[in-house]
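Just so it is clear, none of the values below were taken in a lab; they were calculated from the coordinates. It should be emphasised that the depicted structure is a prediction, and the values quoted were computed from it without experimental measurement. Using ideal geometry, Cβ is built from the backbone for each residue, glycine included, and neighbour counts are taken over all protein chains shown.
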Amino acid sequence: MASAGVATLTVTGNQPGAITITASATGSAGALTPGTGNPITFNVVTGTASKIALSGSTANLTAGTTRTLTATIQDSAGNTITTGADSTLSVTFAKTTGTGSVTGVGSVNAVAGVANITITGATAGSVTIGASGGSLAAGTGNPITFTVVANTTVDHFAFATISSPQTAGTPFNITITAQDAGNNTVIGYSGNGFKVKLTSTGTFSASTAITTAAFTNGVLTNHSVTITNTGNFTITATDNGGGTATGTSNSFQVNAGAASKLAFIQQPTNTNAGQAAITPAVTVQIQDANGNLTNSTASVAIAIANNPSSGTLSGTTPVTAVNGTATFADLSINKGGTGYTLQATSAGLTSVTSAPFNINNPAPNLTSIAPTSGNISDTLDVVFNGTNYISGVTNVSFGTNITVNTVTVNSSIKLTANITIGSGAAVGQRNVSVTNPVPGGGTATLTNGFTVNNPATTTVVTSSSVGNTSTYGQSVTVTATVTTGSGTPTGSVTFYDSATCGGTALAGPTNLDANGKASFTTTSLTAPGHTITGCYTPTGIYRASNGSITQTVNKAHLTVTADDKSKPYDGHIFTAFTSTITGFVNGDTSSVVITGSAAYTGDATGALNAGTYTITPTVGSLSAANYDFTVFKNGTLTIDKIDATWTTNNASKTYGNADPNPLTTGSGSGFAASDNVTATYTRAAGESVAGGSYHITAALSPASVLTNYNITNLGADFTIKKRDATWTTNDASKTYGTPDPTPLTTGSGSGFLFSDSVTATYGRAPGETAAGSPYHITAMLAPAAALANYNITNDGANFTIDRKDASVTPNAASKTYGSADPVFTGTLVGFVAADNVTATYTRAAGETVAGSPYKISATLAPAGVLGNYNITYNTADFTIEKKDASVTPNAANKIYGSADPAFTGTLVGFLAGDNVTASYSRTSGETVAGSPYKISATLSPAGVLGNYNITYNTADFTIEKKDASVTPNAANKIYGSADPAFTGTLVGFLTADNVTATYSRTAGETVASSPYKISATLSPAGVLGNYNITYDNADFTIEKKDASVTPNAASKIYGEVDPAFTGTLVQHHLQHR
């Protein structure tokens, strides 16, 4: 209703789009005509984001299959927000409640206000999923609830945890569950035919049922298995009905059972008798009943079982097992034999016997015997040296008529045989042998190793010296003569410095000559004497004998001569007397055969001053075993004067000063300290510099000792020196281009006598460049007459021309990538105009944006004047700016399941020389629900792209749904019979999607209600969104069943009550029509 001619209406926008509103009214004169602005048109636009709606199927979701949920960002009126920042919000899909679970939830960025997510059923149970984003409220259908149900397909078998450790040979139970991909129990895996076959990384016992009993509601409980070996094992179950499902248990430990028996692991091997040990070492295991190694520490004994040669087993037994293994490291058997066996035993365990093995006798070796001879009818021990001797096994032989009484094996390398040489034994050499019998064994022979002797001999020893007496060093010949009752003995004689055939051998063995004699000559017999024994060693048939002689040896005579000595005078008594001893024989020297030293008398022993003196030697403490001291000869001591020098030091003074006091100093060399020689000094007269130098004389004392010296005393010089003085000139400077200062510089003198009035004037070397400076300043002193009295230092000074400050500054510049450089400019400051300094500007090389800015620098000219300046060379930046460019892919599409087309696009703004090209690709994905996918571009070469401001545009790639259909086949049955298996036809689906159909019909079992509709449910759900599917259906007809009823005939007596009537119902066999 208008008020005062105005009517106001408030409208609320609801659905986006153009709206036209017309105002109309009827006045007193009729309908009013529309005026200005009537009707009015405006647009309703989407409001701000307010809520999130959620849609998707709420039907049961089979575990392992997928479902797509769609979240829509809406304004308060339920319009989708398709543009702006809110249209691309991140939407989070999350389970909020429920006993079941799904995978695939998470956050997805909305596209044009819509966010899709694909989830997969996992754990069976109810699931509630909500969609949220920012502060938006929950909209229609948010949250969504559905139920995850177990899959009917077994994906794998799950074992209940098998505990560790188990015991080998002992049964234990396992439980196995048939599960789908979401780990849900597949209860339909039940009854006969639903079994698994078991395998294991261990070894099952023969009693273990490898094919199990049937599962009940998807579970096999308490199935008994036994593993007979030890280690870490697993058990694997595989479907026994042809399915592919498998499952493997956890790894579990199987330990050995109780110790039950023994087993040889390292059998004894063939070895030589008496060898240190049977190698490798024999080892025996303590095992459980299944042959597994236990960790028993029981004691295991070992002994010979079969003993073919009555051998004796040596070594450590019993031994304690370590971790179930007993190691016998030092077993040996002392006698050879074939077919030995060993038996291992341990209390409470089944014993074990080894495999047969052989002990071989080693082949003996014979290297020598001692003694190597004997006489007829002697009984003696002979020692054999060699190897591989075995007690009770090894025997020896000396040939005929020598009886071996006993053989004692002392060790493997030595035995002793006691023999008797019979009267019928042939005299001379014979072979000797040693034998080890079989198995193995052998004989070693020493050819001509033993000699049988018979005749006795006599040995007489004589000396060539008179009365068997000689002097030390004298030549003496000792002769041994060997005789016998018949024939001439052969053999050799050894001469010993002893009364027996032992000790130190003086000579020999020396062979007897044709007369039975052997001799030796020596000069080495020492005092006081020797008993010399000649010992005859026979060859052939003779017996040994010996004889002795006593030889007296007198000492030889020596002469002691005092050595002449001399020394220079030193103020001390001489004591270092020596002497020379002569008369030695046999190459003896005093240092070897003499001990002690001679003593000395005579006036030499107290001499002090220069002169000659007599040295008289005496025996002193001299001593020698083979010598005496009988002759003594004198020597002479000479004391010589010594050279001495007195050195006087030069002295001086500065002109005009007094002489020093004392005049000078000096020192003596070569004088005895005890003589205390000193000096006093004087000089020649004179006081002028020109008259010098003046001689200094040294007078020595005391005079009484000076006769012991040859003295050199040359005196020294006394000099009057010039006075030192210095004139110091100060450095000076000026700036390049200005005149020299006046005066040029200043200076001052030091060391000059005031009365000499020394002054200076200054000049410098010519030059006006900074590079040529500094220039030398010279000071010229006056008056010349006074300067001769001075040593003057006058070094002058430096005059420096300093550089002038100046600078050059380039101006900054820039260009766009790909264009030419501009002309560079700059500013010069501080240069003298007359030098005509100019600048040339250049920049660092480079034509890329990434390399810029490049430095602009200056080069100045002419070079000849630049050294007069302190030049600041400034730089500036030259910038290459990026060039605008873009790449835009073209939109594209395809039908689901077909190959992608080739992508194209447009490049704008790039330099042709850069050869920029684009490769187009799209976001991965092959589903309709996931599209559109973004097409984007990748440019190359990468090295030039940094020179551009590039706009990377994108385009949409759309996958459109593929047409497909499912058509069930019509079916029927006879009333009361089971439904047949339903079939149908799938058309248009991709083979790789593995789409299958499950057919079902409307519930009902009556003829009257049929036909019932047969429909199809497709799977997997995750791929169905890629198709436009036509779901056809078909009729299922229940046909009538044939049957009959036949009453039985009846009767009654008139007047009675009717009897109960009966009949027969007949069900005909089912016939499929």
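Over region 261-360, consider all pairs of different Cα atoms and compute the Kirkwood hydrodynamic radius from their mean reciprocal separation; express it in Å, one decimal.
13.4
Ranked from highest to lowest mean number of other Cβ atoms within 10 Å per residue, what is the order of the peptides 112-118, 724-730?
Packing order, densest peptide first, comes out as 112-118, 724-730.
Taking amide H atoms as placed 1.01 Å from N in the peptide plane, list the residues 5 or more away in sequence, or in a different chain, whose amide H sits under 5 Å from that of residue 454.
Here 542, 543 satisfy the definition.
Counting only helical runs of four or more DSSP H residues, what would the 222 nm mean residue ellipticity of the chain come to if each run contributes -39,500 (n - 2.57) and the total is spread over all its residues?
-500 deg cm²/dmol
Please give, to one decimal in nm, the separation of the simple spin-label points placed at residue 742 and residue 221, each 7 Å out from Cα toward the Cβ.
Inter-label distance under the simple model: 13.3 nm.
For a quick check: with amide H placed at 1.01 Å from N, whose amide H comes under 5 Å from residue 200's, ignoring anything fewer than 5 positions away on the same chain?
Here 236 satisfy the definition.
Straight-line reach from residue 721: which lysines fall under 29 Å, measuring Cα to Cα and dropping same-chain residues less than 8 apart?
653
Could you name the lysines whose alpha carbon sits less than 27 Å from that of residue 973, not counting residues in the same chain fewer than 8 places away?
Straight-distance partners of residue 973: 1013, 1040, 1041.
How big, in percent, is the set of alpha carbon pairs in region 804-881 lying more than 18 Å apart?
More than 18 Å apart: 43 percent of the Cα pairs in region 804-881.
Please list 3J(HN,Hα) in residue order for region 554-567, calculated via the Karplus relation 6.51 cos²θ - 1.76 cosθ + 1.60 where θ = phi - 60°; whole Hz, with x for glycine and proline.
Rounded to whole hertz, the list is 8, 6, 8, 9, 10, 10, 10, 10, 5, 7, 5, 10, 8, 7.
Under a point spin-label approximation (7 Å from Cα along Cα-to-Cβ), what is the residue 305-residue 172 distance to one decimal in nm?
Inter-label distance under the simple model: 3.5 nm.
What label, among [x] 263; [y] 213; [z] 681, belongs to volume of the Cα convex hull per residue in Å³ computed from the structure on display?
Working out volume of the Cα convex hull per residue in Å³ from the coordinates points to [z].
Give me 252, 215 ranked fewest to most by other Cβ atoms within 10 Å of their Cβ, as a rough exposure proxy.
The order, fewest Cβ neighbours first, is 252, 215.
Test of understanding: what is the full-extension gain from residue 404 to residue 32, defined as 0.36 nm times their sequence separation minus their Cα-Cα distance?
Extending this stretch completely gives an extra 117.2 nm.
Between residue 109 and residue 145, what is the FRET efficiency for a Förster distance of 22 Å, r being their Cβ-Cβ separation, to the nearest 0.05?
E between residue 109 and residue 145, to the nearest 0.05, is 0.30.
At what distance in nm do the modelled label points of residue 211 and residue 949 sit from each other, each positioned 7 Å from its Cα along Cα→Cβ?
Calculated label separation equals 8.0 nm.
How large is the convex hull of the C-alpha atoms of region 642-721 per residue, in Å³?
In region 642-721, the Cα hull volume divided by residue count equals 84 Å³.
If you stretched the chain out fully between residue 940 and residue 926, how much longer would it get, using 0.36 nm times the residue separation minus the C-alpha to C-alpha distance?
2.3 nm
What are the ³J(HN,Hα) couplings of region 612-619, residue after residue, when phi is run through the Karplus curve with 6.51, -1.76, 1.60 and θ = phi - 60°? Round to Hz, x for glycine and proline.
Result, rounded to whole Hz: 10, 8, 8, 10, 10, x, 10, 4.
Please give the Cα centre distance for region 699-734 versus region 381-395, rounded to the nearest Å.
Spelled out, the Cα-based centre of one part sits 102 Å from the other.
With θ taken as phi - 60° and the coefficients 6.51, -1.76 and 1.60, list the Karplus ³J(HN,Hα) couplings across region 502-513 in order, rounded to whole Hz; mark glycine and proline as x.
Ordered by residue, 3J(HN,Hα) equals x, x, 7, 7, 7, 6, x, x, 10, 5, 5, 7 Hz.
In the structure shown, do any of 335/414; 51/934; 934/961 have a Cα-Cα gap over 23 Å, and if so which?
Table pairs above 23 Å Cα-Cα are 51/934.
Just subtract the alpha-carbon distance of residue 1058 and residue 383 from 0.36 nm times their residue separation and send over the number in nm, one decimal.
228.8 nm
Please work out the Cα center distance from region 955-992 to region 826-885, rounded to the nearest Å.
83
In whole Å, how far is the Cα centre of region 205-223 from that of region 430-488?
Their Cα centres are 98 Å away from one another.
Sort 495, 584 so the one with the fewest other Cβ atoms within 10 Å of its own Cβ comes first.
Taking fewest neighbouring Cβ atoms as first place, the list is 584, 495.
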